[in-house]
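Before I ask anything, let me first share the structure, which is written out below as structure tokens.
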Amino acid sequence: MSRKFFGTDGVRGKANTYPMTAEMALKIGAAAGRYFRRDSSTAHRVVIGKDTRLSGYMFENALTAGFTSTGMNVLLLGPVPTPAVGLLTTSMRADVGVMISASHNPHEDNGIKFFGPDGFKLSDEAEAEIEAMVMGEIQPAKAENIGRAKRIDDGIYRYIERLKSTFPHGKRLDGLKVVIDCANGAAYRAAPEALWELGADVIRIGTSPDGKNINLNCGSTHPETAAKAVIEHGADIGICLDGDADRIMIIDEKGQIADGDQLMALIAARWAEEDRLKGNALVATVMSNLGLERFLGGRGIDLKRTKVGDRYVVEEMRKNGYNLGGEQSGHIVMTDYATTGDGLLAGLQFLAEMVLTGKPASELAKSFDPVPQLLKNVRYTAGQTPLETLAVQQAIASAEADLKGQGRLLIRKSGTEPLIRVMAECEDPILLEKVVDSIVAEVEAASRS
């Protein structure tokens, strides 16, 4: 069943523009409420979290109206990280969880992500069924069965306690100076609190949200801000989260940035040594660097690749029993602890390695030398199909011929924005730039026509 407004990570778009309008949010809430109702009683729950975007108030209220209209009782968590919603959906015995966030996008955007009663994101098939219900007639509950709404004030503290329980027993972060950049987003309270409670000397940046500054020149999409702070404060490490705190970038004590591939390499190698890596494999997407694949292969660890999107990583992990996966962009999924990507949880794993080995971040943040990789994004107007034009297809074919035996090429549409992503890897930097630029030029030309 095809999906019209659900993308690779829920529904997402510019606030007050279809499909991210209050009217649509109400319908989506009502459809999801009807989808998850098991019987005619009112003993059904939904937990709703959000990040710090101004439009979050509007969507929170609209979704609440939709859910309660179909007899669902709503538990409002307020601003919490996305992984907290996955955790609390199961721990509070809810039928469904919702996160209102557009992740790393600017504040003008927003989105709606769903979690099933098991705490995992919904399948494509479930989202398609909810879409179909939105487009049809949704049966409301009888007047006596309308749901209630209630604020839950301690959800963030339940999440913090869960995070701390994943840190090695008896170990602390005493003596470590940690810069934490929360992107003025959902983790602005939880992340600094968890690090402080574990004993770290915490330097906070990106912890003053105003509704419009989420991801603005800070967080995992702008790690240079944290890198500067690490150097200025003489910190041991910097941790950069994104707007909903499900992804991470690491900054070492020298101000160098390590992406998700490096972090996955470190964790996979450690878990393999401890015989904790289920299936002796790491699950990553087609975007992960060839250097990661070579590093793992040298240690007898398999790399299982999926299409882009942490939901597809998780699907592969659940299907085959793997417990570690993620994306180069910083989504790290550890199903022994969480049901979705958790930036702070991954950061604690890195900090644990520092504590256990006594090594500085710079020694741990570079497990392998990445193969030179170049990624460029080309924006196009919604409704256009630049990848279908003959000139673009010829440019791609020519680039693939040039790279044969020397690297790889990946062209894809973004699942959350009107972008064409052009990525290539090659040991020859001149050839690398040539093939990417040739494709970008043709995509840009096709987008203008």
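The values are calculated or read from the model by the stated rules, or taken from the named source; none is laboratory data. Keep in mind it's a predicted model, so treat the numbers as computed, not measured. Methodologically, a virtual Cβ is constructed for each residue, glycine included, from the backbone with ideal geometry; neighbour enumeration extends over all protein chains shown. Each accessible area value is taken on the protein alone, full model and side chains, heavy atoms only, with ligands, DNA and RNA left out. Shrake-Rupley method; radii C 1.70, N 1.55, O 1.52, S 1.80 Å.
Hey, if you put +1 on the Cβ of every Lys and Arg and -1 on every Asp and Glu Cβ in the chain, which of 432, 226, 138 ends up farthest toward the positive end of that dipole?
Of the candidates, 138 comes out farthest on the positive side.
Quick one: which of 228/278; 50/177; 304/404; 319/359; 171/278; 278/307 span more than 31 angstrom between C-alpha atoms?
In this structure, 228/278; 319/359 exceed 31 Å between Cα atoms.
For region 17-125, what relative contact order do you get, as a whole percent, if you take Cα pairs closer than 8 Å and at least 6 residues apart?
RCO, region 17-125: 29 percent.
Quick one: work out Rg over Rh on the C-alpha atoms of region 220-333, Rh as Kirkwood radius.
Working: Rg = 14.6 Å, Rh = 14.5 Å.
Reported Rg/Rh (Cα atoms, Kirkwood Rh): 1.01.
OK, next. Taking Rh as the Kirkwood radius, which is the inverse of the mean 1/r over Cα pairs, what is the Rg/Rh value for the chain?
That ratio is 0.97, to two decimals.
So which trypsin sites (Lys or Arg not before Pro) in region 1-89 are both in a DSSP loop and have at most 14 other Cβ atoms within 10 Å of their Cβ? Working shown, then result.
Working: sites: 3, 4, 12, 14, 27, 34, 37, 38, 45, 50, 53; in loops: 3, 4, 37, 38, 53.
Sites meeting the loop and neighbour criteria: 4, 38.
Quote the relative contact order of the chain in percent (integer), defining contacts as alpha-carbon pairs under 8 Å separated by 6+ residues.
Working: 1034 pairs, mean separation 57.9, N = 449.
Taking the mean separation of contacting Cα pairs over the length of the chain, I get 13 percent.
Give me the percent of the accessible area of the chain that comes from carbon and sulfur atoms, probe 1.4 Å, all protein chains in place.
On the chain, the fraction of accessible area on carbon and sulfur atoms equals 49 percent.
Let me ask another. Using +1 at the C-beta of Lys and Arg and -1 at the C-beta of Asp and Glu, which of 185, 203, 367 has the Cα lying farthest in the positive direction of the dipole of the chain?
Final value for the positive-end residue is 185.
Place the peptides 320-329, 369-378, 171-180 in order of packing, highest mean first, counting for every residue the other Cβ atoms within 10 Å and averaging per peptide.
Highest to lowest by the protection proxy: 320-329, 171-180, 369-378.
Run down the aspartates and glutamates and flag those whose C-alpha is under 16 Å from the C-alpha of residue 4, throwing out any fewer than 8 positions away in its chain.
124, 125, 127, 129, 131, 417
Restricted to Cα positions, what overall size does region 1-160 have along the principal axes? Three whole-Å values, descending.
Ordered largest first, region 1-160 gives principal extents of 40, 37, 25 Å.
What is the dipole size for region 49-199, taken about its Cα centre, with +1 at each Lys and Arg Cβ and -1 at each Asp and Glu Cβ, in debye to the nearest 20?
680 debye
Would you mind getting the accessible area per residue of the chain, heavy atoms of the protein chains only, 1.4 Å probe, in Å²?
41 Å²
Taking every pair of alpha-carbon atoms in region 337-449, what share in percent sits in each 5 Å bin, from 0 to the bin with the longest distance?
Values per bin, smallest distances first: 2, 11, 17, 14, 12, 11, 11, 10, 7, 3, 1, 0.
Around residue 106, under 10 Å between beta carbons, what's the net of Lys plus Arg minus Asp minus Glu among the other residues?
With Lys, Arg at +1 and Asp, Glu at -1, the net is +1.
Right, another one. Which far-off residues, 5 or more places away or on another chain, put their amide H under 5 Å from the one on residue 323, with H placed in the peptide plane?
278
Dividing the convex hull volume of the alpha carbon atoms of region 249-313 by its residue count, what do you get in Å³ per residue?
That works out to 98 Å³ per residue.
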